[in-house]
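The values are calculated or read from the model by the stated rules, or taken from the named source; none is laboratory data. Given the structure is predicted, the values throughout are model-derived calculations rather than measurements. We place every Cβ from the backbone using ideal geometry, glycine too, and count neighbours over all the protein chains shown.
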Amino acid sequence: MKSHSVHVCRDCGTTSPRWAGRCPGCGGWNTLDEERTNARTRGATAPVTTSLRDVGESTATVRSTGVGELDRVLGGGFIAGSTTLLFGEPGVGKSTLALMSLRALAEAAMPVLLIAVEESAPQVAQRARRLGEVPHGLEVAATTSVDAAEQLLGERRPTLCVVDSISAMSDDSASGVRGSVAQVRHVAERLCAVAKATGTALLLVGHVTKDGELAGPRALEHLVDTVVRIEGDRHGSLRLVRALKHRFGPTGEVGLLEMVPEGLRELPDATALRGSQLSVPGVVFTVTNDGSRSFLVEMQALVATGSGSPRRVAHQVSSQRLALMLAVLESRCGVDTSGADVFAATAGGLPANEPGVDVALALAVASAALDFAVPRSLAAMGEVGLAGELRAVTGLTRRVREAQRLGATVVIVPREGELEDVPGVRTMRCRSLAEAITAARTDMK
């Protein structure tokens, strides 16, 4: 095989045949590192093809992770021989979630292994004891060498192996410093190969960049079978787990966890996330659909007299949707907030960024601006267009049923859209946002 060199961007993974001061992919300066590669010469063995019709169904073993909300996201659990990449911001709970799964499998008498790349064994043990009594069979190896990790996987053949974290592990046979594009890619390739050979479910913990994206080469996402992100406000307790890529099942499912002093607690029902019980202007309930789940969300808004340029602050709410709703309220409904400060947020930490929360967001702002309280037994859902019309949203019946389950007796929904009858709920169908505001104020009386 002939050897030649290419230059790889350490930020985005873009390759270039020669060095340049600026990366052609991401535009970063001085981010190209030289890497030696091998190119096969002519005469290489041709690949063998197989008729797809003759290939039988997969019989891969699925094992529960021991964490119900993570099982929900992964479609049942880890696949033997698969590689899962778990990433999130610092302090969000990546290592804790991985350790919870290791503990659960060890308690079920399954062999598990934690390769601690960034911590010593005593540090890991101290963190594990916070979660409760450490079960027998939960083994840890503190090493940064991929050679040592390969040897451990080959000898122990654990059911689950966690590498925390992949970006801090090194490969002596690869060029570049630890954490570089070449190092991370080579380490991941070797670990994925040994995991498939031994039938071990491999969980790699990764970091994020300052923009919230996965750190390391983009090729890392293509190497693994599943990419899972854990997200949440580090100052709050709620954590959401999502699968961004899953070769063995659909993506889009979401798991809910709550950070407590003992670690992460599962939240199969988000009822406990409801906010205050005060009946004040600016509070409206809505329901969001995320994967196969529906969540009741308390939308809150505050309109206050400001000095200088008016401020628009959105927390867990899309700032673009808030700006759009303010414009529609002023132009189509006569609710002028141009000279006031407007704040919008959700109670409990659940994000509400989909168009289906438009009506509730606009109603909350109108309620705060016009100083009327919307009954807590009322929920509103629907998308608002620029003309002020209400548009149908997906899963409307599922939303209304969830609202009814959690105490709503009246719902404001778009006039268009399929909606089955839900016992115990009075439906107020509105054609425009102005009608919805009038309906909410009428129901208040």
Near pairs, Cβ below 7 angstrom, 6+ apart or cross-chain, from segment 87-115 (over 15 Å from residue 69 (Cα atoms) and not assigned by TED's automatic domain parsing to the domain that holds residue 257) to any residue that is assigned to a helix (DSSP H, G or I) and at pLDDT 95 or above: none
Yes or no: segment 250-260 includes at least one residue that is in contact (Cβ under 8 Å) with a residue 40 or more places away in the chain and either within 23 Å of residue 371 (Cα to Cα) or among the aromatic types (Phe, Trp, Tyr) (or both). no
So, of the residues in segment 390-445 that are of a type in the set (Gly, Ala, Ser) and touching a residue at least 60 places away in the same chain (Cβ under 8 Å), which turns out to be surrounded by the fewest Cβ atoms within 10 Å (Cβ to Cβ)? 395
Starting from residues that are touching a strand residue (DSSP E or B) at 6+ places or on another chain (Cβ under 6 Å), surrounded by fewer than 24 Cβ atoms within 10 Å (Cβ to Cβ) and on the phi < 0 side of the Ramachandran plot, keep the ones in segment 166-179 and report whichever is modelled with the lowest pLDDT. 175
Would you confirm, using the coordinates I've provided, whether residue 235 is part of a helix (DSSP H, G or I) and either in the same structural domain as residue 119 (by TED's automatic domain parsing) or aromatic (Phe, Trp, Tyr) (or both)? no
Selection from segment 307-345 of residues surrounded by 18 or more Cβ atoms within 10 Å (Cβ to Cβ) and β-branched (Val, Ile, Thr) yields 317, 328, 335, 337, 342
Kindly check whether there is at least one residue in segment 181-193 that is at pLDDT 90 or above and farther than 22 Å from residue 143 by Cα. no
Within the bounds of segment 362-385, is there any residue that is in the same structural domain as residue 434 (by TED's automatic domain parsing), touching a strand residue (DSSP E or B) at 6+ places or on another chain (Cβ under 8 Å), over 23 Å from residue 426 (Cα atoms) and surrounded by fewer than 19 Cβ atoms within 10 Å (Cβ to Cβ)? yes
Pick from 61, 45, 83, 50: which is under 20 Å from residue 109 (Cβ atoms) and either at pLDDT 90 or above or surrounded by fewer than 21 Cβ atoms within 10 Å (Cβ to Cβ) (or both)? 61
